[in-house]
Each structure stands twice: as structure tokens, then as C-alpha cells.
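Visitor: One structure is given below, represented as C-alpha cells, and several questions about it will come after.
The values are calculated or read from the model by the stated rules, or taken from the named source; none is laboratory data. Not measured: the values here are computed from a predicted model. Counting neighbours? That spans all protein chains shown, and the Cβs are built from the backbone with ideal geometry, glycine included.
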Amino acid sequence: VKSIAVLTSGGDSQGMNAAVRSVVRSALFHNLDVYAVQRGFQGLITDDIRQMDLRSVGDIIQRGGTILQTARCKEFLTEEGQRIAAENLRKRGVDSLVVIGGDGSYQGANKLSKLGIRTMGLPGTIDNDIAFTDFTIGFDTAVSIVVDAINKLRDTMTSHERSSVVEVMGRHCGDIALYAGLASGAETILVPEVPFDLKEVAERMRENFHNGKRHSIILTAEGVGKGEDIARTIGELNDIEVRVTVLGHIQRGGTPTHNDRILASKLGDFAVRRLLAGDSGKACGVIKGELVATDIDLVVNTKKEFNMELYNLALRLSQ
Ligand code: F6P
């Protein structure tokens, strides 16, 4: 390995900047040349690539978003696009690339590794939907944002004795809803991984009401459908008015938590070390505190296991 490039791709997430900083400074520590690609795979094709030094990543560890920006790039899906991308790296002597992003970004990295560029993936997404890592960079911050929002909602819901549906992100994964639901004491957590019946949800709310509970938070992952529809159905079943809050992209912004910054710092450094050790086509992650590198092919073809134990705990505690 002589020279490494780094890019961020797909939906941004808090902690991506900390990961970029870690990759750049770790690579410089090992006396490698480092390049940054602007706007993900699109920048590889348009040759928007610049050399980085220690100062290029100063004052970014605390910032949300990504200084390298990100884009969804159709041209990169074509073989011609991938060939141009690999060529733009090679002409600068860059033989290795760290891709920070989610599932789709990993697939892009895989394509380039098949064209002879050594690649490493870092899990940058709020969704926590990537297999072979317990946590993704940005997830912890997104969960904190949701918990904070529910704290606020709770105040007003309690005052008015109201019920509220809160829709959170996560694409096809229920982890944001699960972790935020457990941490905020939501009465109901609806996730795509666990089948549910809204009639039972409504029935449970009535039982809780008879037991003295005068408000209810129903936390729904976007993967189960629109919060608005869920609120309407529950409202009709219980003959009450149910309010809806869709947290949306608020969940993807703001300063990363220390957990995300530390995870990003460890993974960025680990990716550089794996490349130096001769690895390629791997996705880095953390499992039970251990840093691991797993074949990208395996990672993108494996569905992340849902934590049923945590889900059942949340259910038991929210009566
Ligand atoms: O993957 C991150 C994510 O925020 C998902 O939770 C959500 O479904 C999607 O991206 C939203 O995408 P966009 O920012 O393109 O609207």
C-alpha cells in the first residue's frame, strides 16, 4: 500500500467526519499519501479528488454531516463508470480506498476491489442495518436524538393525557425504534422484524388506560409503514385522537455522541491497519467490543439479526 483514498457515500451519518479524520491521520501516521474524494462515487468519476494533510481534517471530529459530502451516483452502477473511477485513482498512484457508508456503498466498494483497487468498508449509517457489526457509525447519535424528542413529547402528552405515534427512520431495520423505545419507555414499539396486530396494540392501550396510564407513546419504525396510517387506525379502534410526529432527517444531523466518535476513530484506524496487512474487499465492524473485518460479499448478503431479547425486555417494562 502506497496511497489511500477515502470517501463517504449514501445517506450521511453523524461520526462520518470522525471516521474520515481517523483514516487520514492513521494513514499519514504510517507515512502513506492520503486523498479524499468529494461526493462519494460520483467524485471518483468526475475526478474530484484532493490530497489531504494533517490539517485537512482539523476541527471536524465534533461536526455532523460529512465534509466530503455524499451523493447517489447512477453512473457508477455501470461498468464504464466503475472503470473510470478505478482509473482516476490509479493515475494518482492510489491503490487503496476506504468507503464509509451503508449497504449500497459496500457494494460499490466491492465492484472496485474486483477491478484491482484494495478496498475497506466502514459502516456509516444511522440505521444500524449492517451485519457483522454490533453498531454502525451514527446510530448512537440518532438514538439519542429520538430519545430526546420523546422526552419532550412525553411532557406535553402527559399534560394532555394524549397518545402519540412517533415515526423514526431505519429503512428496513427496526433498531432505531427498538433502542430508542427501550431507552425512552415507549409503550409500544413497532418494527419490521416483529409481526404485529394493531387491534392488539389498541387493546393493550385500553388495558393500560384502565390501569391508570393516561398517555401512550407508540414508536414506529418507518419500515412498518406510515405513522399517519397507524395513528388513524389506532384512533378509530379506540375512538380517541392520536397525534403523529415524524422525526425525519433531524435524526441524521447534529454533533455526534462520544460513542460514535470513538467507534469511528477506532474503525478508521483499523481499516488502515487492515489494508497495510494486505486485506482487501472487507467491511470493518465491532462485535462484542472486538474489531473485525469480514468479506464484503458476506456482509451485504447477510441480514442483520434482530435483538429479540431487547425487544421483549422493552415490552415487559412498558406496561
Ligand atoms: O439510510 C439512512 C436513511 O436516513 C434511512 O433511515 C432513510 O430511510 C433514508 O436514509 C432516507 O433517505 P433520503 O435522505 O434520501 O431521504
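Visitor: Report, ordered by the first and then the second residue, all pairs with beta carbons closer than 8 Å, sequence separation of six or more or different chains, a first member in the range 204-215 that is touching a residue at least 12 places away in the same chain (Cβ under 8 Å) and among the aliphatic types (A, V, I, L, M), and a second member that is in a loop (DSSP other than H, G, I, E, B) and surrounded by 13 or more Cβ atoms within 10 Å (Cβ to Cβ).
Guide: Cβ pairs passing all conditions: MET205/GLU187.
Visitor: Here's a follow-up. Tally time: how many residues in the range 1-50 are more than 26 Å from GLY254 (Cα to Cα), in contact with a helix residue (DSSP H, G or I) (Cβ under 6 Å, 6 or more places away or on another chain) and of a type in the set (S, T, N, Q)?
Guide: Qualifying residue count, the range 1-50: 0.
Visitor: For the structure I just gave you, tell me whether VAL244 is crowded, with 16+ Cβ neighbours inside 10 Å, among the aliphatic types (A, V, I, L, M), modelled with pLDDT of 95 or more and within 16 Å of the ligand (Cβ to nearest atom).
Guide: In short, no.
Visitor: Within the range 125-167, how many residues turn out to be out of contact with any strand residue (DSSP E or B) (no Cβ under 6 Å at 6 or more places or on another chain), among the β-branched types (Val, Ile, Thr) and near the ligand (Cβ under 10 Å from one of its atoms)?
Guide: 2
Visitor: If the requirement is being under 18 Å from MET16 (Cβ atoms), touching a Ser or Thr at 6+ places or on another chain (Cβ under 9 Å), buried (at least 24 other Cβ atoms within 10 Å of the Cβ) and touching a residue at least 24 places away in the same chain (Cβ under 8 Å), which of these qualifies: SER105, SER144?
Guide: Exactly one of SER105, SER144 is under 18 Å from MET16 (Cβ atoms), touching a Ser or Thr at 6+ places or on another chain (Cβ under 9 Å), buried (at least 24 other Cβ atoms within 10 Å of the Cβ) and touching a residue at least 24 places away in the same chain (Cβ under 8 Å), namely SER105.
Visitor: If we keep just the residues of the range 3-24 that are buried (at least 24 other Cβ atoms within 10 Å of the Cβ) and within 16 Å of the ligand (Cβ to nearest atom), which is nearest to GLY278 (Cα to Cα)?
Guide: ALA19
Visitor: For the range 69-100, give me each residue that is away from the ligand (no atom under 16 Å from the Cβ), closer than 23 Å to VAL57 by Cβ and among the aliphatic types (A, V, I, L, M).
Guide: ALA85, LEU89, VAL94, LEU97, VAL98
Visitor: Kindly check whether there is at least one residue in the range 109-120 that is modelled with pLDDT of 95 or more, in a strand (DSSP E or B), among the hydrophobic types (A, V, I, L, M, F, W, C) and within 16 Å of the ligand (Cβ to nearest atom).
Guide: Scanning the range 109-120 turns up no residue that is modelled with pLDDT of 95 or more, in a strand (DSSP E or B), among the hydrophobic types (A, V, I, L, M, F, W, C) and within 16 Å of the ligand (Cβ to nearest atom).
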